[in-house]
1. Would you please report the Å³ per residue occupied by the convex hull of the alpha carbon atoms in region 162-212?
2. If you roll a 1.4 Å probe over the heavy atoms of the protein chains, what accessible area per residue do you get for region 306-409, in Å²?
3. Starting from the residue with the highest accessible area, list Leu161, Leu174 in decreasing order, probe 1.4 Å.
4. Tell me, what ³J(HN,Hα) does each residue in region 496-503 have, in order and in whole Hz, if you take phi through Karplus 6.51 cos²θ - 1.76 cosθ + 1.60 with θ = phi - 60° and put x for Gly and Pro?
5. Can you give me the P(r) profile for region 52-211? Cα pairs, bins 10 angstrom wide beginning at 0, each as a whole percent.
6. Suppose a student asked you for the relative contact order of region 311-351, using Cα pairs under 8 Å spaced at least 6 residues apart; what percent would you report?
7. Across region 136-147, in residue order, what do the Karplus-derived ³J(HN,Hα) couplings come to in whole Hz, using 6.51 cos²θ - 1.76 cosθ + 1.60 with θ = phi - 60° and x for Gly and Pro?
8. Taking the Cα centre of each part, how many Å lie between region 433-480 and region 351-412?
Amino acid sequence: MSGQYGNATASMSPSAERAATLYEKIREQYNRRARSHLRRQIENIVANTEQQLTALCDVGGSTSVALNDYTDKITESVVKLKQLGNELGQPFLLFVAGVGKAGKSTLINALLEQKAAEIGKVPKTWKVDVYQGEDRQDKAEIRYRDGTICRKTVQAIEQELADEEEKRKQSERLVASELSRIKEIAGDDTDLLEEKKRELQKHHLYRSPVVEVRWPLAPKGVLEKFRLVDTPGLVQEGFFENIEENAVEYYSKADGVIWLLTADVLADIGPREEMGKILARFGNRTGNIIAIVNQVDKVRKNGGADAVARVMENAREKYGDLFSEILPFSAHEAFCGAIEADQAKIDASGINVLRGAIERRFVTRAQSVQVQSKTSGVAGIVADIMEVTGAYIAKREAAEAKRRNYEKNWETDIEAFSKQSRTSIENCFSAQIEKIRRNAIAYENTLWDLPDEQRNAFINDKICERRSFEAAVDRLRKDRYVRLDSLTQAHKRASAFAEFPLLAAKGFLTRAGTGKEKMASFRVEDSSFGENEAGLMVGGGAALASCAALGPIGLLAFFVIETDFGKAAVKALAKMFTNLPEKIVTQYQGQIAKDKIGLVQEENEWGAAARKEVEAIREKTFCNVIAPSEHIVDILARMRQIYDAART
C-alpha cells in the first residue's frame, strides 16, 4: 500500500501543474525563511537563558532547593528548545495520543502496515517511542533528559529500557509502601498526605533519564512521509503520574496529532477536561489535529450503522469545540485487514478516510504545518520558562515576607520574655529583702543576746534564710531557662524554612537536635555577714555609737562595758539609738546587689545566645530552601533577565 501519501499534482493539467509548481516554490521559499527566523529566535533565547543559568549556578544555585528546582526546570526547557530547533526541516512528526488503552498501539501498527508497537501493554509514561523509516534496522537512537543522544543496537536499548522500567517499578513499590505507612499515622490529614506524596515523588520515585527512543523500521505506510510517535495515554493508572505535564511536553514537539477517542468513554468528563487544559497551553490550536473515535466495529456489531451515527453525533457534540475533524475508526479492523490483506476489513475500518485526512491536512501542507507547529511549541516552552521564573520570583518574595514576619514575631516575644524575666528577678529579690526585714524584727531581741561568734550563723540561717533563698533563685533561674529554651525551640521551628513545611511541623522530617548548657546552682557567699561586721552591728560598735550620743556619761559607760551591768546598760542604750533590722537589711542589700546584677547579666547572655540560634536557623534554612541571602539581589536580577528574554 505504498504511495498512499503521494504526489497531489499527478492528475493535474500542464498549466495547473506549472501554477502549482510555482506556488510550491513560493511556499517553500516562505517556509525556508520562516524556519530560519524561528531558528534564530530559538538560538537567541537559548543563548541568553544559558548565560543567566551559568551565572545563577555560580552564585549558589546548587545549594538552594527552590532555586535548584526552578533552574533545573528552565534547563530542561532549554533542552526542549534546542531539540525543536534541530527538528526544523526534519521529517514531519505525527503524534498518536489518547486515553490509556484506547487502541493506540493497534492504530500505530495499522498506519505502519507492520507490527511495531506492543499491543495490550500499558504504555510507559516516562518515554515516547518514535518510529522512523530507515533502510537499516539494526540500531536505534536513544535520547536522554539532558539532551544527550546515543545510537545503540536495538537489543542494547531494549535491555536498557527493561532495566529502567524495573528501577521504576521497584521505587514505585517502596514509595507506595511508605505512603501507606504514613496514612496509618496521619489518618485523614489530606494536606499532610499530599505533601508526603510530593516529597516521595520528588526524592524517592525513580525518574528515568531516558525520554525518547527512535526505532528504525522499513520505510513503508505512513513512514514514507512521516515519523510516527507513540505517546503515553492521557489517563493512566497510578497516583504518581503527572499525565497533563507529560502530555504538554509531548504535544509541544508534535507537528501533527491523531487524537484517539473511544466510543465507550465519550461521556467521561475526565479526558475532556484534560484535553482542554493541554490545548489551552498552546493557544487552543487544533488545526494540526485529527480526532478519531476508535472501536466503532464494536458499536456497529451491537447496533449497526445507526448506532455508529449516534456515537459520532455524540462525539461531535462533546468534542466539536476542540476538534474540527472527528472521524469514525476501527484500529482492529484496519490492522487485521492490512496483515490479512482483507480489503473488506480495510474499507470498513475507516483507514482510507483517515489517510485522506492525513493527506489533506498534513502531506500537502507539511512544511507550513511544521513551521506553525514548531512556532506553537516554542511559544509553549517559552511560556513555561516565563511561568517558572515568575513562580520563583513570587516564591522568593513570599519567603522574604515570611522571613521578616518571623523576625518581627521573634523580637516581640524575646523582648516580652526579657521584660518579664527582669520583673521576676526584681520581685524575687524584693521578696527576699522583705522576708529579712520581717525576720530581723521578729528576732531582734535574740540578736542582742547572742554572743558575737554565734550571731553571723544566726543571721544567715534564721533571718536571711540563705539556703531557702538560694533554692528560690535556682528555681527562678531554672524556670526562666526552661521557658527561654522552650520559646527558642518554638521559634526555631516556626522560623525555619522547609521544602515540605507540614511534614517538618508534624515531625515526619528529621531535625537535628540542640544540646542544653549545664546551669550552675546559685549561691549567696557565706561572707555576707562576717563575724566582725555582725559583732560591730550589735556589740561594741553599737556601744560606741551610744556612748558618743550620751557624751561623758556615755564614755563612762564604755569603761564598764565588760561587766554584766555594763553590758546590760550598753544594750539598753544601743537599742534606744540603733534600728537593728534596718541595719541588717541595708547590709544585705549591698551584698546581694551584685548577685542581682549577675542574674540580669546572665539573662542578657542567654537572650543573646537565643537570638543567635534563631537567626542562624532562619538564615540557614532560607539559604537552603530559597537562595543565599547575600546573592539574592543578583539572583532575582538574573531571573528577571531570563523572564524578559523569553517574553521578547
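The values are calculated or read from the model by the stated rules, or taken from the named source; none is laboratory data. On a predicted model such as this, the values are computed, not experimentally measured, just so you know. Note: ideal-geometry Cβ built from the backbone for every residue, glycine included; neighbour counts use all protein chains shown. Remember, those area values only see protein heavy atoms, side chains included, never the ligands or the DNA or RNA. Shrake-Rupley method; radii C 1.70, N 1.55, O 1.52, S 1.80 Å.
1. Convex hull volume per residue, Cα atoms: 69 Å³.
2. Normalised by residue count, the accessible surface of region 306-409 is 45 Å².
3. Leu174, Leu161
4. Rounded to whole hertz, the list is 7, 7, 9, 5, 10, x, 5, 5.
5. 8, 25, 33, 23, 10, 1
6. RCO, region 311-351: 35 percent.
7. Going residue by residue, I get 9, 10, 8, 10, 10, 10, 10, 10, 10, 4, 7, x Hz, with x marking Gly and Pro.
8. For region 433-480 versus region 351-412, the Cα centre distance is 79 Å.
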